[in-house]
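Engineer: After the structure tokens below, expect a handful of questions from me.
The values are calculated or read from the model by the stated rules, or taken from the named source; none is laboratory data. What you see is a predicted model; the values in this text were computed from it and never measured. Ideal geometry is used to build each Cβ from the backbone, glycine not excepted, and the neighbour counts take in all protein chains shown. Quick note on the areas: whole protein, heavy atoms, side chains included, nothing else; ligands and nucleic acids left out. Shrake-Rupley method; radii C 1.70, N 1.55, O 1.52, S 1.80 Å.
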Amino acid sequence: MPESNRTATLTFDNKSIEMPIYSPSVGPDVIDIRKLYAQGDVFTFDPGFTSTAACESSITYIDGDKGELLYRGYPIEQLAEKSTYLESCFLLLYGELPTTTQLRDFVHRVTRHTMVHEQMHYFFRGFRRDAHPMATLVGVVGAMSAFYHDSLDINDPWQREVAAIRLIAKLPTLAAMAYKYSLGQPFVYPRNDLDYASNFLHMCFSVPAEPYQVNPVLAKAMDRIFLLHADHEQNASTSTVRLAGSSGANPFACIAAGIACLWGPAHGGANQACLEMLREIGTVDRIPEYIARAKDKNDSFRLMGFGHRVYKNFDPRAKVMKESADEVLDLLGIHNNETLKVAKELERIALEDPYFIEKKLYPNVDFYSGIILEAMGFPTSMFTPIFALSRTVGWISQWKEMLGEKDQKIGRPRQLYVGPTKRDYTDIAGR
Ligand code: CMC
């Protein structure tokens, strides 16, 4: 905790409460309200946590006004250009960029954990073939706690480390298995001679009947998608993982909780929802109708892939992703696809429309990632599992950071209760 040499005073009902103010290394100051209830007998009210720092963290920093995202201080644009997903995983997990030897060792450890327990293959068979891969993923990742008993003790730093490596290594395998299962195709075992992204493409797209060559441009774009989604500060799913972990739950259960939270269309499910929306719009001439709906206060419709809770200027991930989208579409020679035309025109109109400018609604990372993933051949149902596997390193880094805190407590928010006051039970005959 940084030193505090200033205080804020809250005065109400003839009470005056002094609270320390802390200055972070960068970003807004923080008022420490932890003694507020004990000293003032009041709670704070902040649904959606729009003004609440729920933890101290040194992993990721976002400046929403500047459109800046830093992993351990390094700008996302530099990492996207110069780093790789696994190098950035090391950075997120351990705080510094690895040396050559450290990176080799880390890649080796992750690569040697890519296979899953063979019994898990049978576990998959309990799911319906038409299950959404996210439904399967929540189940199988939670079930990892039933398979890896030697990395469940959260009080043992070595077991925490093994669980972290296992999760980063096995999530691509499990996500690819969920996909293959939904197609009715055989599971494809990981290949340890391939890099992380190429191996994922191999497990998703190869079949035993014929050879499959991973395209290096697609592998690079895949790696970039993983890297851009690797962590994002205290978002809903990360906060879910921290909250689940605060009770002492095992790492596999905590990550399954994060996956469940990520699934929602306001969060990781937005990439699927965005592409489905583009398809529903269908042709460029129908865009004005949807823009009008997005502006209509009486219509709950929102333009998926636009807006962000924190970024109020632009989403720096979206900028990099747009470059990747252009590269992939060029490579695959996709220029006249109708969905793409709708996406490009929607982007142009929304960036010029006063409503979107005034509300600071810019295309977010999900707007472009869906376009790339579709071009690569993934069905929309796989978009969110890919987000989940990318974010696993962020979740696990934040989980490890939380468990390392000296006075870590179970998360337990309070409430503004507006229900009935105490009343006596009435027998059914008298109601
Ligand atoms: N389309 C139309 N209007 C919107 C949109 C949108 N996508 N997003 C926000 N608004 C309007 C909203 O109606 C509100 O207007 P008013 O002030 O008149 O009531 C105003 O902008 C502020 O909206 P909010 O709901 O208070 O903003 P928020 O910060 O709570 O929501 C969000 C952030 C991401 C949930 C929201 O922008 C949204 O639903 N976007 C679409 C879903 C999406 O693309 N999500 C992916 C986010 S990036 C990936 C990730 O990090 O998970």
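Engineer: On the phi > 0 side of the Ramachandran plot and either open to solvent by 40 Å² or more (accessible area, probe 1.4 Å) or in a helix (DSSP H, G or I) (or both): is that true of LYS422 in this structure? Steps first, answer last, please.
Structural biologist: On the way: on the phi > 0 side of the Ramachandran plot: no; either open to solvent by 40 Å² or more (accessible area, probe 1.4 Å) or in a helix (DSSP H, G or I) (or both): yes.
No, not satisfied.
Engineer: Of the numbered conditions (1) in contact with a Pro (Cβ under 9 Å, 6 or more places away or on another chain); (2) within 16 Å of the ligand (Cβ to nearest atom); (3) in a loop (DSSP other than H, G, I, E, B), PRO190 fails exactly one; give the number of that condition.
Structural biologist: The single condition PRO190 does not satisfy is (2).
Engineer: Further, regarding this structure: Taking the options ASP41, ASP46, ASP32, ASP63, name whichever one is over 26 Å from PHE226 (Cα atoms) and within 16 Å of the ligand (Cβ to nearest atom).
Structural biologist: After applying the criteria, what remains is ASP46.
Engineer: Looking at the stretch 233-268, which of the residues that are within 14 Å of the ligand (Cβ to nearest atom), open to solvent by 10 Å² or more (accessible area, probe 1.4 Å) and in a loop (DSSP other than H, G, I, E, B) is nearest to GLU68 (Cα to Cα)?
Structural biologist: Checked the stretch 233-268; the qualifying residue nearest to GLU68 (Cα to Cα) is GLU233.
Engineer: Counting only residues that are under 22 Å from LYS319 (Cα atoms) and free of Cβ contacts under 8 Å to residues at least 40 places away in the same chain, give me the helices (runs of 4 or more DSSP H) lying completely in the stretch 21-123 with at least 1 of them.
Structural biologist: Details: elements: 36-40, 76-82, 85-94, 100-111.
Answer list for the stretch 21-123: 76-82, 85-94.
Engineer: Sort out which residues of the stretch 310-336 are part of a loop (DSSP other than H, G, I, E, B) and touching a residue at least 12 places away in the same chain (Cβ under 8 Å), and write them in order of number.
Structural biologist: Step one: list which residues in the stretch 310-336 are part of a loop (DSSP other than H, G, I, E, B), which gives 310-315, 333-336.
Listed by number, the residues that qualify are VAL310, TYR311, LYS312, ASN313, PHE314, ASP315, ILE334.
Engineer: Next question, about the same structure. Would you confirm, using the coordinates I've provided, whether ALA209 is open to solvent by 50 Å² or more (accessible area, probe 1.4 Å), of a type outside the set (S, T, N, Q) and farther than 24 Å from GLY370 by Cβ? Full working, then the answer.
Structural biologist: On the way: open to solvent by 50 Å² or more (accessible area, probe 1.4 Å): yes; of a type outside the set (S, T, N, Q): yes; farther than 24 Å from GLY370 by Cβ: yes.
Yes: the conditions hold for ALA209.
Engineer: Separate question: Among the residues of the stretch 298-308, is any outside any helix (DSSP H, G or I), more than 16 Å from the ligand (Cβ to nearest atom), of a type outside the set (D, E, K, R) and modelled with pLDDT of 90 or more?
Structural biologist: No, the conditions are met nowhere in the stretch 298-308.
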